[in-house]
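Only one structure is covered here, and it is reproduced in the block below.
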Amino acid sequence: MIDLIHVTRRFGAATAVDDISLSVAQGELCVLVGTSGCGKSTTLRMINRLIEHSEGEIHIDGQQIRRFREETLRRRMGYAIQSTGLFPHWTVARNIGLVPRLLKWPATRIQARVEELMALLGLSMEAFAGKYPHQLSGGQAQRVGVARALAADPDILLMDEPFGALDPITRESLQDELRELQARLHKTIVFVTHDMDEALRLADHLVVMHQGRIVQQGRPLELLREPADDFVESLLGGEDRGLKEAALLPVSQRMLPLGPRLLARERIGQRASLREALSLMLWRHAERLTVVDDDDLPVGELSLRRLVGARSDD
Amino acid sequence: MRPDMPGPNVVLLTLSLVALAAWLGLDTVSLAANRIVPGTGYRVFDVIGVGGALATSLPWLALAGLAWRPARHRLALALTLVVLMLSALPAWLSLSAVTLVDSAQARLGIGAGIWVVLFLQLLAMIELRRRLDLSRLIGWALVLPAVASAGLCLARWLEPLALWQEYRGRSGQFLSAVGEHLLLVGVAVGTSLALGVCLALAMRRWPGVQRAGFGLLNVLQTIPSIALFGLLLAPLAWLSANVDWLAALGVSGIGRAPALLALVGYSLLPMVRNTFVALEAVDAGVIDAARGMGMSRGQVLRQVRLPLAMPVILEGIRITTVQAIGLTAVAALIGAGGLGTFIFQGLGQAAMDLVLLGALPILLLALLVDALLGALTDILRPGGAE
Ligand SMILES: Nc1ncnc2c1ncn2[C@@H]1O[C@H](COP(=O)(O)OP(=O)(O)O)[C@@H](O)[C@H]1O
Ligand SMILES: [Mg+2]
């Protein structure tokens, strides 16, 4: 879907992005992660040609991006940034309708689309449509930013640290919402962040960058288990790696069917992560948990031994 | 004093006491037998006696009293009082005219006392408007009673007022002078706005233009206006003598052409500077998003950059216009016409009231433009955004 082939970008003598190759499959959420200044934003902005690449090729659906007019290309991709970039002189509704208006959709269709998106992002029409950006909280503004990026239903979504300026609680809830949205909409998303926890939570495909180069890419679990070098390992949290990995695995992967024994008193949902299960065990001094499904019915059990035991089946 | 009582409003207190001193101590009117001879000054008690003078100081003392304990309702009362006192000034002139004037040639001049009091009263109104958090529009509405009172008094009793006489002697001339003045200002500001926006856009695109442009405009700004008019005289005179079509257009060494050139020259710097700064100051994130969403350069400029820069650009227009209104008065020296004509005529004839006939409308025009453009700037701020 998106292919970067030996792409380099120089600013004068400095090389901001150095010979990177990267493929993002249709419907995949790819996260670029790395310390500040490592070239993540430059990489992202080369995809919609806000920055031109110096060398190499970038393809969208197999076609070179230079074959499109810049504006045409950008209107096919959603773009959300940390500062939201909402137009302060436009209402929320008008901001969201920006790209459809650029694409000359009829007014009724734009109106319907704006309503649909506001509902999707949990923004009530009456409360927010007529508000101006400075009247919104950080989280609300960022929701509007995401709605605006989704407005013309683009296949591709480019997001540059969209949740970077939010408080941790708002950030986590927006991360969850993004995952849910993604499960429903199946966009191809390139997401830039310097926050490894955020990267691990969101990524289908994780790309670690350092000084303009890609040092490792793959599924988050692969990176956690086999970091390519010390840099990746330290970025992944060193001693915290076990917990980070546990956070990625659902309880359902390690639980055993209900045995003949009495049900353990403490319960945990099968969708919860192993990290949450471990935390509960520590907190309640319990060595066994009863795993329940969404309707709170017992479906299995998880023991401490099983939780920390050798990985076999994931 | 109760603990929750605010302390005295020092500004208002000082204003009212100084105004009272000016009212009692300075000449409020002067009377001359005819236009040529100098007049004799009359203080308040010369007109209505000591008892009357003391009676007229009561409102001032009341104002000072209200300023001493400035709770909100007292400030509102103070504002009402100031508005009434402002409206009473024309009445005072009328009373003086009726009491003092005895012949048809006699002329009543407005004395220093009245000017000082008028000025202090306006300051007091501004202070009170701010304390009471009233809008600018209401502030302007508050002068209306005084304007109405002045109109009524002029029509009824102020026949001998020297300023009024000067006006009546040349009312046609006065109107056309106002017209000329506005035309010169309008053309100069309009031209410099168009040029200024183009120049500011060019400066943003090419850094070379930016350095050269600001350098040139800064130099231009430092030349004194009379000198600039003088400098333009020779080349323009030569042009009109040698280029027929320019002469046919009315270009010559003196008159409107050099005046306009100089006015545009002076207006350009504030216009360009404000426009440039305004365009630069637009949030980079907003521009990044606009381009990232697929707006073309033209769309970004027209739909995002210009509207967001508009309040600051308008601020530039306001400063430039107020400045041009003043400079145009000087342009009368080289025969450009306008209200400055009366000022220089009056200076030549030592007729201060004629000078006032030119100077007062210039002042009023400047205030009016300032208020109108200020209001427009407020309106253009979307949803009250910063
Ligand atoms: N327009 C530019 N001109 C010059 N250097 C730039 C420009 N944009 C980015 N850079 C440089 O490129 C490097 C990578 O920047 P960036 O991609 O923004 O990093 P990140 O988003 O990972 O923090 C930095 O060293 C930065 O200074
Ligand atoms: Mg960045």
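The values are calculated or read from the model by the stated rules, or taken from the named source; none is laboratory data. Computed from a predicted structure; not experimentally measured. Counting neighbours? That spans all protein chains shown, and the Cβs are built from the backbone with ideal geometry, glycine included. Surface areas here come from the heavy atoms of the whole protein model, side chains and all, with no ligands, DNA or RNA. Shrake-Rupley method; radii C 1.70, N 1.55, O 1.52, S 1.80 Å.
Within the range A:30-49, being within 19 Å of the chain's Cα centre (by Cα), under 25 Å from B:Val286 (Cβ atoms) and more than 14 Å from every other protein chain (Cβ to nearest Cβ) holds for A:Leu32, A:Ser36, A:Gly39, A:Lys40, A:Thr43. Screening the candidates A:Thr35, A:Thr72, A:Thr43 for the property of being among the polar types (S, T, N, Q) and more than 16 Å from ligand 2 (Cβ to nearest atom) yields one hit, A:Thr72. Considered as a group, the residues in the range A:121-165 that are in contact with a Pro (Cβ under 9 Å, 6 or more places away or on another chain) and either within 16 Å of ligand 1 (Cβ to nearest atom) or more than 24 Å from A:Arg184 (Cα to Cα) (or both) include one that is least open to solvent (accessible area, probe 1.4 Å), and that residue is A:Pro133. For the range B:340-363, a residue qualifies if it is in contact with an Asp or Glu (Cβ under 8 Å, 6 or more places away or on another chain) and not in a helix (DSSP H, G or I), and exactly one does: B:Ala351.
Residues in the range B:204-234 that are open to solvent by 80 Å² or more (accessible area, probe 1.4 Å), closer than 24 Å to B:Leu327 by Cβ and not in a helix (DSSP H, G or I): B:Pro224 alone.
Just one of the numbered conditions (1) out of contact with any helix residue (DSSP H, G or I) (no Cβ under 8 Å at 6 or more places or on another chain); (2) within 19 Å of B:Ile362 (Cβ to Cβ); (3) at pLDDT 90 or above; (4) open to solvent by less than 60 Å² (accessible area, probe 1.4 Å) is not true of B:Val189: (1). Has the range A:37-49 got any residue that is part of a strand (DSSP E or B), more than 13 Å from ligand 1 (Cβ to nearest atom) and open to solvent by 20 Å² or more (accessible area, probe 1.4 Å)? No: the range A:37-49 contains no residue that is part of a strand (DSSP E or B), more than 13 Å from ligand 1 (Cβ to nearest atom) and open to solvent by 20 Å² or more (accessible area, probe 1.4 Å). Scanning the range A:183-199 for residues that are open to solvent by 10 Å² or more (accessible area, probe 1.4 Å) and more than 16 Å from ligand 2 (Cβ to nearest atom), we see that the one that is nearest to the other protein chains (Cβ to nearest Cβ) is A:Lys187.
Flag: B:Trp140 matches the condition of being in contact (Cβ under 8 Å) with a residue 40 or more places away in the chain and either open to solvent by 30 Å² or more (accessible area, probe 1.4 Å) or in the same structural domain as B:Leu15 (by TED's automatic domain parsing) (or both). Counting the residues of the range A:78-132 that are more than 8 Å from every other protein chain (Cβ to nearest Cβ), assigned to a helix (DSSP H, G or I), over 21 Å from the mean Cα position of the chain (by Cα) and of a type outside the set (Lys, Arg) gives 16. Looking at the range B:235-295, the helices (runs of 4 or more DSSP H) lying wholly inside it that each contain 3 or more residues that are under 23 Å from the mean Cα position of the chain (by Cα) sit at B:256-280.
Of everything listed in (1) within 16 Å of ligand 1 (Cβ to nearest atom); (2) in contact (Cβ under 8 Å) with a residue 12 or more places away in the chain; (3) not hydroxyl-bearing (Ser, Thr, Tyr), the single unmet condition for A:Ala13 is (2). Scanning the range A:22-36 for residues that are among the hydrophobic types (A, V, I, L, M, F, W, C) and away from ligand 1 (no atom under 16 Å from the Cβ), we see that the one that is nearest to A:Thr8 (Cα to Cα) is A:Val24. Consider A:Leu102 carefully, then state whether it is away from ligand 1 (no atom under 16 Å from the Cβ) and surrounded by 21 or more Cβ atoms within 10 Å (Cβ to Cβ). For A:Leu102, the condition - away from ligand 1 (no atom under 16 Å from the Cβ) and surrounded by 21 or more Cβ atoms within 10 Å (Cβ to Cβ) - is not met.
Among the residues of the range A:144-177, the one identified as under 25 Å from A:Lys244 (Cα atoms), more than 16 Å from ligand 2 (Cβ to nearest atom) and either touching a residue at least 40 places away in the same chain (Cβ under 8 Å) or within 14 Å of chain B (Cβ to nearest Cβ) (or both) is A:Glu177. Counting the residues of the range A:50-77 that are open to solvent by 40 Å² or more (accessible area, probe 1.4 Å), in a loop (DSSP other than H, G, I, E, B) and at the interface with chain B (Cβ under 10 Å from one of its Cβ atoms) gives 2.
Filtering the range B:355-368 for residues that are closer than 28 Å to B:Leu217 by Cβ, touching a Phe, Trp or Tyr at 6+ places or on another chain (Cβ under 8 Å) and not assigned by TED's automatic domain parsing to the domain that holds B:Trp140 leaves an empty set. Look at B:Gln349 and say whether it is open to solvent by 60 Å² or more (accessible area, probe 1.4 Å), of a type outside the set (A, V, I, L, M, F, W, C) and in the same structural domain as B:Ser267 (by TED's automatic domain parsing). Yes, satisfied. When the test is whether a residue is open to solvent by less than 60 Å² (accessible area, probe 1.4 Å) and either modelled with pLDDT under 95 or of a type in the set (Gly, Ala, Ser) (or both), A:Gln175 passes it.
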